[in-house]
1. Just to be sure I understand the rule: take each whole DSSP H helix in the chain, project its Cα atoms onto its long axis, keep it if the span is 15 Å or more and its mean Kyte-Doolittle hydropathy is at least -0.5. Which ones pass?
2. Would you please give the residues with an amide H less than 5 Å from that of Arg264, counting only those at least 5 places away or on a separate chain, with H modeled from the backbone geometry?
3. Per the helix-only calculation at 222 nm, which mean residue ellipticity applies to the chain, given -39500 (n - 2.57) for every DSSP H run of n ≥ 4 and division by its residues, nearest 500 deg cm²/dmol?
4. Using a basic spin-label model with each label point 7 Å from the Cα along Cα→Cβ, how many nm lie between Ala161 and Asp220?
5. Defining a contact as two alpha carbons under 8 Å apart and six or more residues distant in sequence, what relative contact order in percent does the chain show?
6. Hey, got the dipole for the chain? About the Cα centre, +1 on K and R Cβ, -1 on D and E Cβ, debye to the nearest 20?
7. Here are a few candidate values for Cα extents along the principal axes in Å: [x] 49, 42, 40; [y] 177, 73, 31; [z] 55, 45, 43. Which one was actually calculated from the structure I just gave you?
8. In the chain, what percent of the accessible surface is made up of carbon and sulfur (1.4 Å probe, ligands and nucleic acids excluded)?
Amino acid sequence: MRGLLAALGRQARWALPAGVFVGILVPDLAAAARWLLTPAVIGTLTAALLRLDWEGLARQMRRPARPAWVVAWLLVGSPAAVWVLTGLLGIDAETRLVLLLQAAAPPIGSAAVFALILGVDGLLAMVGAVTATLLLPLTLTPLVALLLPAAGVQVDLAAFAARVALVVAAPFAIAVALRAVLGRERLARHDDVLGGVNVVLLVVFAVAVMDGVTTTLLADPPRILKLLAAACIAAVVLHAAGWALLARAGPSVAWASALLSGNRNMGLMLAITAGTAGPAFSLYVGIAQIPMYFAPLLLGPAVRRSFRRE
């Protein structure tokens, strides 16, 4: 089993896109796996925390300027930029809404996993993802009030607080307990196994979140293609903006910032808007996983080239 998990971890760039296509091609499996969404998110964060250097994480927290700059872009700068840009381009209201909610979302919890897969700054990715998630109630509510007064988007802050406690606090608590029981040395020896576990959990999430996508694809292909095009363009633009934000800090930091900016936790946004964002957003959340899960595979060559030039 250890050999299998280690091999899977080494092939993460290919395994993640495969999970998305399994969810599309086997819709019954996606429907059956739907209940595993939250456990998969918690497990992914926990495994990522077990692989990170916690002393380095503490040092990162003592130097908050860089993470603060990234989080400000994620929660304030990017949604404002998307709102202005989509307005100038005359994009229809439905697509504009889903793109804004994507840009306003915090990074996925597995951003640190993506960073570890690509060999870039996992500490910045973890600090940025956790901080942005915790601060989301402070930014999303005024954003909705200012930019979407007639869209009907509402935020249940009580439900959101419970969600944050579950998907952020629980992984930290579990990781602390496991580190105390297993010890850092044993965890370090089994890092390859943890990498494989990360991939398994990400694939489970990818399969589960595709529930409903296949049905709509067969019934209304143009709608799916339109949303997929929007998701792909948004992923490219957000990754590029995140990279440019910290390009001067070196490739490791710049690519970590790109992963935070380009991979957003829209599943969390779906939960806290409680269906008020409309059916298009529910569908978009699943479709947007396609470019997201291809990111480690497609970014790999660019990351390697940037390190060779350094």
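1. 12-25, 37-51, 78-89, 93-104, 122-147, 170-182, 191-209, 221-245, 251-262, 289-309
2. Those qualifying (amide H under 5 Å, at least 5 residues apart or on another chain) are Ile108.
3. Calculated from helices alone, the mean residue ellipticity at 222 nm is -25000 deg cm²/dmol.
4. It is 3.7 nm.
5. It rounds to 35 percent for the chain.
6. I would put it at about 900 debye.
7. Checking each listed value against the structure points to [z].
8. 70 percent
The values are calculated or read from the model by the stated rules, or taken from the named source; none is laboratory data. Remember, predicted model here, so these are calculated numbers, not experimental data. Neighbour counts run over all protein chains shown; Cβ positions are idealised from the backbone, glycine included. These accessible areas exclude ligands, DNA and RNA; they are computed on the full protein's heavy atoms, side chains included. Shrake-Rupley method; radii C 1.70, N 1.55, O 1.52, S 1.80 Å.
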